[in-house]
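A.B. asks: This is the structure, below, for whatever I ask next.
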Ligand code: FES
């Protein structure tokens, strides 16, 4: 097989593989193994063609012959006729194939962008808690502070959304005089009952352990520890941000209700990462 033919075959194989990629993506609904193979074939074909082109077509030594002035227009025309126009045509053809293979491969690389999923909108910044949402246990029953024992901890949800993952909240009753909340949060803990997001701010594990002796919440995943009396600020471990606190109050019947949704997103930090100064 001549060098030109080898290059043409490699480029055509690359083009076919690049064309097959969107077909597999659309018709099969995405198949990472098959798409990986097609991508390898497309890239390999293109690479092979370039290598053969470089080795075989440019390997001839450059020979120069002193030029002399053509004496007449007829001589120029005679020289043009003597040129190998077939070679020029072949190279143009190969050049077109090369551009096609490169362009299609570049276009195929855009496909992963369609797998990024829907825009997350604001769902990562909100939970199901709303102003007036009654605090209920996993049995759906509303809770009054006098039903809770001091240092008792309970997982609660907004009424009508029991089991909602982002809304799960740890309810803890403390002695009001022990609390050291910031001034703007003083009213968020009626009768000493505080609510903190159960989702660890490090990597999102459920913060399931409460140590009453030192009023600490512990995350079992990487041992982050949060001080319940001081707004769940982290005191140990990799978590860098307090557990968000749910603003609570009592309704007319004495049941615990939310004053609003959490005032900041629950779970691992992500929205503020671009504003974080990286250390030198
Ligand atoms: S997820 Fe809680 S400490 Fe890592």
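The values are calculated or read from the model by the stated rules, or taken from the named source; none is laboratory data. Keep in mind the model is a prediction, meaning the values are calculated, not measured. Because the Cβ atoms are built from the backbone with ideal geometry, glycine has one as well, and the counts that use them run over all protein chains shown.
A.B. asks: Looking at region 250-265, which of the residues that are crowded, with 16+ Cβ neighbours inside 10 Å and modelled with pLDDT of 95 or more is farthest from residue 142 (Cα to Cα)?
C.D. replies: Step by step, filter region 250-265, then rank; the result is 262.
A.B. asks: Which residues, counting only those in region 92-126, are loosely packed, with under 12 Cβ neighbours inside 10 Å, under 30 Å from residue 6 (Cα atoms) and at pLDDT below 85?
C.D. replies: Correct list: 92, 110.
A.B. asks: I've got another one for you. Every residue in region 183-239 that is at positive phi and touching a helix residue (DSSP H, G or I) at 6+ places or on another chain (Cβ under 9 Å), please.
C.D. replies: Residues satisfying the conditions are 191, 192, 215, 231.
A.B. asks: Residue check, residue 165 against (1) surrounded by fewer than 16 Cβ atoms within 10 Å (Cβ to Cβ); (2) modelled with pLDDT of 95 or more, all met but one. Which one?
C.D. replies: Failed condition: (2).
A.B. asks: Of all residues being touching a helix residue (DSSP H, G or I) at 6+ places or on another chain (Cβ under 9 Å) and over 12 Å from residue 41 (Cβ atoms) in region 1-10, which is surrounded by the most Cβ atoms within 10 Å (Cβ to Cβ)? Just the residue, please.
C.D. replies: Once the filter is applied, the top-ranked residue is 7.
A.B. asks: Among (1) over 25 Å from residue 142 (Cα atoms); (2) touching a residue at least 40 places away in the same chain (Cβ under 8 Å); (3) within 10 Å of the ligand (Cβ to nearest atom), which single condition is residue 180 missing?
C.D. replies: Residue 180 satisfies every listed condition except (3).
A.B. asks: Within region 198-223, work out how many residues are out of contact with any strand residue (DSSP E or B) (no Cβ under 7 Å at 6 or more places or on another chain), near the ligand (Cβ under 9 Å from one of its atoms) and without any contact (Cβ under 8 Å) to a residue 24 or more places away in the chain.
C.D. replies: So the answer is 4.
Residue-by-condition table, conditions (1) within 14 Å of residue 153 (Cα to Cα); (2) surrounded by fewer than 17 Cβ atoms within 10 Å (Cβ to Cβ); (3) within 27 Å of the chain's Cα centre (by Cα):
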{"site": "186", "(1), (2), (3)": "no, yes, no"}
{"site": "192", "(1), (2), (3)": "yes, yes, no"}
{"site": "195", "(1), (2), (3)": "yes, no, no"}
{"site": "209", "(1), (2), (3)": "yes, yes, no"}
{"site": "235", "(1), (2), (3)": "no, yes, no"}
{"site": "244", "(1), (2), (3)": "no, no, yes"}
